[in-house]
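Any read-out appearing in this document is the output of simple, stated calculations on the displayed coordinates, not a laboratory observation. The model shown is predicted, which means the values in this text are computed figures rather than measured ones. FYI the Cβ positions are ideal-geometry reconstructions off the backbone, even for glycines, and counts take in every protein chain you see.
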Amino acid sequence: MDAVTITAKGISVSVDLAVGHLADMAVDIDGHRLKPLHRAPWVGEPRETLPKDLPEGTVHLSGDFLCAPFSISDVEEAPLHGWPANSRWEVVDSAATADGWRAVFRLQRPVMGATVDKILTLRDDHSFLYQEHVFSGGSGAIPVAHHPMTVMKTGGRLAFSPKRLAATPNEPPEPDPARGRSLLAYPARCPARPRVTAPPRRPIARPGYRMAQLREAFVTLVEADHGGPGWTALARQAEADLVLVLKNPAELPVTMLWVSNGGRDYAPWSGRHRGVLGIEDGRTAVGHAASLGDNWLKHESVATAFALSEGRSFSFRHVIGALPWPSGEPPRDVTTSPGRMRILAADGAVRDIAFDSDFLRIGQSRPD
């Protein structure tokens with residue numbers, strides 16, 4: 001694999017330059033080494049053993065990657081999830097800072113005429129990767145999403161910042177029973193309860209990941225107006241840790257959950273992609289054309305794309321981290337204060353850790 005690794009005290013991240021995926025992430029804390037990100041079991045297998053028409057992003061499927069657009073590229077021709085997830089990135093700059101490491105990567109293909117940069121920052125003794133994507137120039141509009149994936153041996157439990165709506169798309173992830181199986185009802189929509197995906201009944205979801213259900217599932221959660229960072233917390237049971245994913249809701253107003261647990265029988269999935277959860281924060285509907293058109297999220301006053309224009313740039317930020325968390329129960333709340341993150345556990349205990357609270361710029365003006 002053509003990869004580059006950046007490190008700071010207690011944390012390292014590797015980038016697969018062929019496709020810009022985060023190939024690995026390790027957090028060393030309190031005597032534990034935590035590996036919050038997933039890598040597909042076929043990554044590294046001989047290319048000739050995989051389907052010939054498989055997108056490079058699926059060949060290299062790992063960690064987190066930028067989707068631009070999210071899902072189908074039906075405005076500008078590109079593979080699934082766009083060129084940022086399927087083509088080469090180059091290192092523009094990579095150097096130690098006063099308190100960690102900062103690296104800049106550039107996509108070698110334009111997206112709707114725009115130049116795309118990926119900026120990764122690690123800070124000493126922080127359990128988080130801070131990342132930013134910058135689009136410069138171009139024309140038209142582009143939907144975007146992050147695509148972090150984690151994996152569980154025996155399942156886990158979820159909690160969220162407040163959401164106001166949960167919905168499944170019109171079509172299930174696997175509509176053909178000869179090829180795979182889907183979980184949940186499609187389409188479906190319901191109000192979301194605070195800090196869980198939805199009422200604890202079908203058709204939307206439950207806040208636990210059940211390993212016995214060999215299915216694929218997809219649900220979109222719309223952030224409520226709560227004035228803080230958007231967050232998803234997954235307490236992985238066997239791994240005894242807490243995976244945290246954070247965003248600025250003004251930039252990325254939806255969180256899409258992808259459950260992939262042995263529900264696809266065709267290659268390269270072949271029933272072996274199990275225990276995987278995608279926590280996909282975005283500004284998007286499903287597909288480029290759908291994001292630009294009259295979609296259901298726009299009817300909920302939710303933005304589904306960023307505007308591009310020559311001489312102008314925009315950026316959005318995202319955070320991924322992990323902590324030891326032996327209880328197996330997700331937190332009640334996650335809040336930030338200057339330089340810190342406070343996590344309220346289910347039993348009322350409080351965990352206070354180092355966090356760059358300015359990074360997500362909550363409440364500050366960001367470009368549309």
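Between their Cα atoms, which of Lys118/Lys247; Lys9/Lys247; Lys9/Lys163; Lys35/Lys247; Lys163/Lys298; Lys118/Lys298 are more than 26 Å away from each other?
Details: Lys118/Lys247 16 Å; Lys9/Lys247 23 Å; Lys9/Lys163 34 Å; Lys35/Lys247 20 Å; Lys163/Lys298 16 Å; Lys118/Lys298 28 Å.
Listed pairs above 26 Å: Lys9/Lys163; Lys118/Lys298.
Between Arg342 and Ala3, what length comes free when the chain is fully extended (0.36 nm per residue of separation minus the Cα-Cα distance, one decimal in nm)?
118.7 nm
Taking the structure as given and computing P(r) over Cα pairs in 20 Å bins from 0, in percent, which label from (1) 30, 63, 6; (2) 28, 55, 16, 0; (3) 27, 50, 20, 4, 0 fits?
(1)
Based on Cβ point charges of +1 for Lys and Arg and -1 for Asp and Glu, what charge dipole magnitude is obtained for segment 1-93 about its Cα centre, in debye rounded to the nearest 20?
Values: 7 positive and 15 negative charges, 73 e Å.
Approximately 340 debye in magnitude.
Give me the percent relative contact order of the chain, please, defined on Cα pairs under 8 angstrom at least 6 residues apart.
The normalised contact order for the chain reaches 17 percent.
Just check segment 221-275 against the gyration tensor rule for me: Cα atoms, a ≥ b ≥ c as the square roots of the eigenvalues, rounded for a/c under 1.5, and otherwise prolate or oblate depending on whether a/b exceeds b/c.
Oblate, because a/c is 1.5 or more while a/b does not exceed b/c.
Where does the charge balance sit around Pro84 when Lys and Arg score +1, Asp and Glu -1, over other residues with C-beta under 9 Å from its C-beta?
+2
Mind checking segment 11-115 for trypsin sites (Lys or Arg not before Pro) that DSSP puts in a loop (not H, G, I, E or B) and that have at most 10 other Cβ atoms within 10 Å?
Details: sites: Arg33, Arg39, Arg47, Lys52, Arg88, Arg102, Arg106; in loops: Lys52, Arg88.
Filter output for segment 11-115: Lys52.
So how do Ser182, Ser87 line up by other beta-carbon neighbours within 10 Å, fewest first?
Exposure proxy ranking, most exposed first: Ser87, Ser182.
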